[in-house]
Amino acid sequence: MTGDGAKGVKQIHQTPSKIDPQSIKGFMAEDEGQALAEAARLAGTLGPVLEIGSYCGRSAAYLGPAARAAGTVLYALDHHRGSEENQPGWEWHDQTLWDEKAQALDTLPSFRRNIAAAGLEDCVIALIGHSPRIARHWTTPLGMVFIDGGHTMKAAFDDYRGWAGKILPGGILAIHDVFPNPADGGRPPFEIYRKALESGLFEQLSFVRSLALLRRLG
Ligand SMILES: C[S@@+](CC[C@H](N)C(=O)[O-])C[C@H]1O[C@@H](n2cnc3c(N)ncnc32)[C@H](O)[C@@H]1O
């Protein structure tokens, strides 16, 4: 790590989220969040950080301060209508996030409240919409992309195809819920992780639980 890097670590500790990210509803463990933050602090010096799948803002509460410490911002992309497994009748449905009027899930009010409470409105920019549609029109090269959106095969591949090519050389691709052993969880995130390695465009950096971190080659 360079002298600048060490300084960056200090900055993260000086300006963390004002609330514990683990107090925000979500699906990211503390050690995964810390690994994500460290990656964003390094890759954020190359360009902005973008996450696909913000839900109520837990991962953004790790990534936002890291992006800020690196002198950039986090684009937090989500249509805020929930993934398949968040819908009524599914395992990860939370009725308190249901919008009666819209007859749909709506995580945006919660996301917005949490980002404000975390003191991150200066460095977390919400992108509200369908990931592949936003990717089609996105032209800014990115320092880091974190994929944690829909977990169907189509959704995962759409996110990989839409965003991986926008990562700058030296930048980082992070993928959540990557389970090499099928007994531990669903296949789509693992399949795009494998695709990224097979493409020859990425090399593996590390694994923290189910969080895979890869570096974009030059
Ligand atoms: C597993 S949750 C994200 C969890 C979050 N990163 C955390 O730390 O708690 C997945 C999110 O992806 C969003 N999502 C799923 N498919 C999407 C798509 N095609 N475009 C935008 N957002 C999508 C859902 O609305 C949901 O909020």
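One line per residue, one yes/no per condition, for (1) of a type in the set (A, V, I, L, M); (2) touching a Leu at 6+ places or on another chain (Cβ under 8 Å); (3) within 12 Å of the ligand (Cβ to nearest atom):
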{"position": "42", "(1), (2), (3)": "yes, no, no"}
{"position": "63", "(1), (2), (3)": "yes, yes, yes"}
{"position": "71", "(1), (2), (3)": "no, no, no"}
{"position": "78", "(1), (2), (3)": "no, yes, yes"}
{"position": "96", "(1), (2), (3)": "no, no, no"}
{"position": "104", "(1), (2), (3)": "yes, no, yes"}
Going by what's in this entry, would residue 115 be described as within 15 Å of the chain's Cα centre (by Cα), at pLDDT 95 or above and farther than 18 Å from residue 18 by Cα? no
Cβ-Cβ below 8 Å, separation at least six or inter-chain, first residue in region 14-31 and closer than 20 Å to residue 53 by Cβ and without any contact (Cβ under 8 Å) to a residue 12 or more places away in the chain, second of a type outside the set (Gly, Ala, Ser) and in a helix (DSSP H, G or I): which pairs? 30/21; 30/22
Does region 108-119 contain any residue that is in a loop (DSSP other than H, G, I, E, B) and over 18 Å from residue 24 (Cβ atoms)? no
If you check residue 46 against the conditions, is it in a loop (DSSP other than H, G, I, E, B), of a type in the set (A, V, I, L, M) and in contact with a strand residue (DSSP E or B) (Cβ under 8 Å, 6 or more places away or on another chain)? yes
With respect to residue 141, determine if the residue is at pLDDT 95 or above, within 23 Å of residue 42 (Cβ to Cβ) and surrounded by 13 or more Cβ atoms within 10 Å (Cβ to Cβ). yes
Listed residues 59, 54; which is touching a strand residue (DSSP E or B) at 6+ places or on another chain (Cβ under 9 Å), in a helix (DSSP H, G or I) and surrounded by 22 or more Cβ atoms within 10 Å (Cβ to Cβ)? 59
From the list 116, 102, 76, which one is buried (at least 19 other Cβ atoms within 10 Å of the Cβ), on the phi < 0 side of the Ramachandran plot and not charged (D, E, K, R)? 76
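Out of the residues in region 106-124 meeting the condition of being away from the ligand (no atom under 12 Å from the Cβ) and of a type outside the set (A, V, I, L, M, F, W, C), tell me which one is nearest to residue 48 (Cα to Cα).
122
The values are calculated or read from the model by the stated rules, or taken from the named source; none is laboratory data. No experiment lies behind these values; they were computed from the predicted model shown. All Cβ positions, glycine included, derive from the backbone under ideal geometry; neighbour counts span all protein chains shown.
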